[in-house]
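Report on the structure given below.
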Amino acid sequence: MISSGAIGSALAERFHAAGIEAVIANTRGPASLQSVTEKFGSTVKAVELDQALQSDVLILAVPYDAVPDVAKRKEAWDGRTVVDATNAIDFPAFKPRDLGGRLSSEIVADLFPGARLVKAFNTLPAAVLAANPQAEGGKRVLFLSGNNPDANQIVSHLAALLGFAPTDLGTLAASGPVQQFGRPLVALNLLKA
């Protein structure tokens, strides 16, 4: 996981609860993640950013503006699965960015040449993501999408191990209206189809 913010901490909570070992990193170094590592013991370990970037599955939970800086750390991503948990939101107005008609994940995918990008973990608020996904006799749904079915399957399996009910919405283009911030009516119509 690349993050030390709310989404990264929420995911660290889920990895710890599921007993799945993970690493977490940021640009400030492992010492800045002491509160996370103290809370989750040996399950979630803080490492240097360059070490985390060697992982086969990388969860990108940084602010959208920080994505290019992470991507520049390597020239090629050699088939790694990069999970895009970002949202292209303008703060403090909390409005979707104008990306010229492109999906944010298409832009992120372009920044990670050779990676298999999957959009996931971006539709639930951090507090909900951190909470037990098994409640009221069911499991919380976690949407994902991507252009590589094998990578989608890897992330779907990971989401299931974390306790979620993964729902693969297909390609980035097909699922864009469903996962796009501010488009709930379109999402409802697509889910009924």
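The values are calculated or read from the model by the stated rules, or taken from the named source; none is laboratory data. No experiment lies behind these values; they were computed from the predicted model shown. Cβ: placed from backbone, ideal geometry, glycine included. Neighbour counts: every protein chain shown. Areas reflect the complete protein model, heavy atoms only, side chains present, ligands, DNA and RNA absent. Shrake-Rupley method; radii C 1.70, N 1.55, O 1.52, S 1.80 Å.
Structure values in brief
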item	result
FRET efficiency for THR43 and ALA127, using Cβ-Cβ distance with R0 set to 35 Å, rounded to 0.05	0.95
Cα Rg, Dmax (largest Cα-Cα span) when computed across region 1-69, Å	10.9, 31
Additional length obtainable on full extension of the chain from ASN148 to ARG97, 0.36 nm per residue less Cα span	15.8 nm
Charge dipole of the chain about the Cα centre (unit charges at C-beta), most positive-ward option of ALA115, ILE20, ALA76	ILE20
Accessible area, probe 1.4 Å, largest first, for residues LYS119, LYS45, LYS72	LYS72, LYS45, LYS119
With all protein chains modelled, accessible area of ARG73 [1.4 Å, Å²]	110 Å²
Surface accessible to a 1.4 Å probe, per residue, for the residues of region 1-114, Å²	50 Å²
Debye log10 I(q)/I(0) at q = 0.18 Å⁻¹ for region 46-147, Cα point scatterers	-0.94
Cross-link reach list, aspartates and glutamates versus LYS72, counting only Cα pairs under 15 Å and skipping chain neighbours closer than eight places	ASP50, ASP110
Cross-link pairs LYS95/LYS119; LYS39/LYS74; LYS45/LYS74 - those with Cα-Cα distance over 25 Å	LYS39/LYS74
Cα-projected label distance for ASP90 with ALA18, points at 7 Å along beta-carbon direction, nm	3.6 nm
Percent antiparallel among DSSP beta bridges (both partners in region 114-176, rounded to 5)	55 percent
Pairwise centroid distance, computed over Cα atoms, of region 1-61 with region 112-170, Å	17 Å
The chain - charge dipole about Cα centre, Lys and Arg +1 at Cβ, Asp and Glu -1, debye rounded to 20	380 debye
Paired Rg and Dmax values of the chain, which use every Cα atom, in angstrom	15.9, 49
Sites ASP50 and HIS157, calculated FRET efficiency, Cβ-Cβ separation with R0 25 Å, nearest 0.05	0.40
Accessible area of region 108-160 belonging to carbon and sulfur atoms, whole % at 1.4 Å probe	54 percent
Relative contact order (%) - criterion: Cα under 8 Å, at least six apart; region: region 1-128	23 percent
